[in-house]
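Report on the following structure.
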Amino acid sequence: MLPLPSVLLVDDDPTTNFLNKLLLTNMGVTEQVLVAENGEQALRTLDQTCTALANVACPRLIFLDMNMPVLNGLGFLEVYVQMPLAQQQAIVIVMLTTSLHEHDLARAQQLPIAGFLNKPLTREKVTTLLEQHFAR
(Lines give C-alpha, C1' and ligand atoms only; values in the text may rest on other atoms or scores of the structure.)
Protein backbone atom coordinates (compact mmCIF):
# COMPACT_ATOMS: atom_id res chain seq x y z
CA MET A 1 0.00 0.00 0.00
CA LEU A 2 1.42 3.37 -1.03
CA PRO A 3 1.57 6.14 1.56
CA LEU A 4 -1.33 8.58 1.49
CA PRO A 5 -0.36 12.05 0.24
CA SER A 6 -1.71 13.72 3.37
CA VAL A 7 -3.54 13.01 6.64
CA LEU A 8 -5.25 15.64 8.79
CA LEU A 9 -5.36 15.32 12.58
CA VAL A 10 -8.05 17.46 14.23
CA ASP A 11 -7.75 17.52 18.01
CA ASP A 12 -7.40 20.26 20.61
CA ASP A 13 -4.88 18.25 22.66
CA PRO A 14 -1.28 18.89 21.50
CA THR A 15 -0.02 15.69 23.16
CA THR A 16 -2.59 13.59 21.30
CA ASN A 17 -1.64 15.27 18.02
CA PHE A 18 2.07 14.69 18.70
CA LEU A 19 1.58 11.00 19.51
CA ASN A 20 -0.77 10.40 16.55
CA LYS A 21 1.60 12.18 14.18
CA LEU A 22 4.50 10.10 15.50
CA LEU A 23 2.51 6.87 15.04
CA LEU A 24 1.45 7.71 11.48
CA THR A 25 4.96 8.81 10.52
CA ASN A 26 6.60 5.71 12.02
CA MET A 27 4.10 3.48 10.22
CA GLY A 28 4.78 5.22 6.88
CA VAL A 29 1.06 5.91 6.45
CA THR A 30 1.49 9.33 4.89
CA GLU A 31 3.96 11.70 3.33
CA GLN A 32 2.51 14.68 5.23
CA VAL A 33 0.61 15.04 8.52
CA LEU A 34 -1.43 18.22 8.85
CA VAL A 35 -2.68 19.31 12.27
CA ALA A 36 -5.63 21.49 13.28
CA GLU A 37 -6.62 22.22 16.88
CA ASN A 38 -10.34 22.69 16.20
CA GLY A 39 -12.94 22.30 13.49
CA GLU A 40 -12.56 25.86 12.28
CA GLN A 41 -8.82 25.43 11.66
CA ALA A 42 -9.54 22.11 9.94
CA LEU A 43 -12.01 23.74 7.56
CA ARG A 44 -9.43 26.43 6.71
CA THR A 45 -6.85 23.70 6.08
CA LEU A 46 -9.20 21.91 3.68
CA ASP A 47 -10.02 25.20 1.98
CA GLN A 48 -6.29 25.82 1.41
CA THR A 49 -5.20 22.30 0.44
CA CYS A 50 -8.16 20.91 -1.49
CA THR A 51 -8.26 23.39 -4.35
CA ALA A 52 -7.47 22.34 -7.90
CA LEU A 53 -3.98 23.85 -7.64
CA ALA A 54 -3.03 22.34 -4.25
CA ASN A 55 -4.87 19.05 -4.74
CA VAL A 56 -1.87 16.86 -3.93
CA ALA A 57 -1.82 18.21 -0.35
CA CYS A 58 -5.53 17.50 0.19
CA PRO A 59 -5.92 15.00 3.04
CA ARG A 60 -7.24 11.59 2.05
CA LEU A 61 -7.88 10.74 5.70
CA ILE A 62 -9.08 12.89 8.60
CA PHE A 63 -8.97 11.83 12.23
CA LEU A 64 -11.56 14.09 13.85
CA ASP A 65 -11.98 14.58 17.59
CA MET A 66 -15.57 14.98 18.78
CA ASN A 67 -15.09 17.43 21.65
CA MET A 68 -13.12 20.60 20.88
CA PRO A 69 -13.47 24.31 21.57
CA VAL A 70 -14.39 26.85 18.86
CA LEU A 71 -15.97 24.27 16.51
CA ASN A 72 -16.40 20.64 17.60
CA GLY A 73 -16.40 17.54 15.41
CA LEU A 74 -20.13 17.62 14.67
CA GLY A 75 -19.96 21.33 13.83
CA PHE A 76 -17.06 20.63 11.46
CA LEU A 77 -19.04 17.89 9.71
CA GLU A 78 -22.13 20.08 9.35
CA VAL A 79 -20.07 22.72 7.51
CA TYR A 80 -18.04 20.11 5.61
CA VAL A 81 -21.12 18.61 3.92
CA GLN A 82 -21.88 22.06 2.46
CA MET A 83 -18.42 22.47 0.91
CA PRO A 84 -18.00 22.07 -2.86
CA LEU A 85 -17.68 18.42 -3.87
CA ALA A 86 -14.15 19.05 -5.16
CA GLN A 87 -13.10 19.60 -1.56
CA GLN A 88 -14.87 16.46 -0.33
CA GLN A 89 -13.23 14.18 -2.91
CA ALA A 90 -12.43 10.76 -1.54
CA ILE A 91 -11.75 11.99 1.99
CA VAL A 92 -12.29 9.35 4.67
CA ILE A 93 -13.30 10.89 8.01
CA VAL A 94 -12.99 8.91 11.22
CA MET A 95 -14.29 10.25 14.52
CA LEU A 96 -11.96 9.81 17.49
CA THR A 97 -13.57 9.85 20.89
CA THR A 98 -13.25 8.71 24.46
CA SER A 99 -17.01 8.55 24.95
CA LEU A 100 -20.04 9.34 22.87
CA HIS A 101 -23.49 10.42 23.99
CA GLU A 102 -26.41 8.69 22.25
CA HIS A 103 -27.61 12.02 20.79
CA ASP A 104 -24.14 12.77 19.33
CA LEU A 105 -23.83 9.23 17.99
CA ALA A 106 -27.19 9.46 16.23
CA ARG A 107 -26.32 12.85 14.72
CA ALA A 108 -22.84 11.77 13.62
CA GLN A 109 -24.22 8.72 11.81
CA GLN A 110 -26.24 11.06 9.57
CA LEU A 111 -23.03 12.79 8.47
CA PRO A 112 -20.25 11.58 6.13
CA ILE A 113 -18.03 9.63 8.49
CA ALA A 114 -16.44 6.25 7.88
CA GLY A 115 -16.73 5.23 11.51
CA PHE A 116 -15.66 5.76 15.10
CA LEU A 117 -12.45 4.84 16.88
CA ASN A 118 -11.85 5.04 20.60
CA LYS A 119 -8.76 6.92 21.68
CA PRO A 120 -5.88 6.33 21.69
CA LEU A 121 -4.93 5.46 18.14
CA THR A 122 -2.87 2.29 17.89
CA ARG A 123 -0.93 0.59 15.13
CA GLU A 124 -3.64 -2.10 14.95
CA LYS A 125 -6.50 0.41 14.64
CA VAL A 126 -4.70 2.35 11.91
CA THR A 127 -3.78 -0.82 10.00
CA THR A 128 -7.39 -2.06 10.08
CA LEU A 129 -8.67 1.34 8.94
CA LEU A 130 -6.20 1.47 6.05
CA GLU A 131 -7.12 -2.04 4.94
CA GLN A 132 -10.83 -1.17 5.00
CA HIS A 133 -10.61 2.10 3.09
CA PHE A 134 -7.36 2.29 1.15
CA ALA A 135 -6.43 -1.25 0.10
CA ARG A 136 -5.81 -1.44 -3.61
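The values are calculated or read from the model by the stated rules, or taken from the named source; none is laboratory data. Everything numeric here is computed off the predicted structure, so don't read it as measured data. Reconstructed Cβ throughout: ideal geometry from the backbone, glycine too, with neighbour counts over all protein chains shown.
Please go through the stretch 1-30 and pick out each residue that is among the hydroxyl-bearing types (S, T, Y) and closer than 21 Å to T98 by Cβ. Result: T15, T16.
Looking at the stretch 18-28, can you tell me whether even one residue there is of a type outside the set (S, T, N, Q), assigned to a loop (DSSP other than H, G, I, E, B) and surrounded by 14 or more Cβ atoms within 10 Å (Cβ to Cβ)?
Going residue by residue through the stretch 18-28, those that are of a type outside the set (S, T, N, Q) are 18-19, 21-24, 27-28.
Those still in the list that are assigned to a loop (DSSP other than H, G, I, E, B) too: 28.
This time we only want the ones that are surrounded by 14 or more Cβ atoms within 10 Å (Cβ to Cβ), so: none.
The answer is no; no qualifying residue exists.
I'd like to know if the stretch 32-46 contains one or more residues that are under 15 Å from L96 (Cβ atoms) and polar (S, T, N, Q). Yes; the residues of the stretch 32-46 include at least one that is under 15 Å from L96 (Cβ atoms) and polar (S, T, N, Q). For the stretch 1-17, the candidate set comprises residues that are buried (at least 17 other Cβ atoms within 10 Å of the Cβ) and outside any loop (DSSP other than H, G, I, E, B); within that set, the residue that is modelled with the lowest pLDDT is L4.
State yes or no: is N38 of a type in the set (S, T, N, Q) and within 13 Å of the chain's Cα centre (by Cα)? Criteria met by N38.
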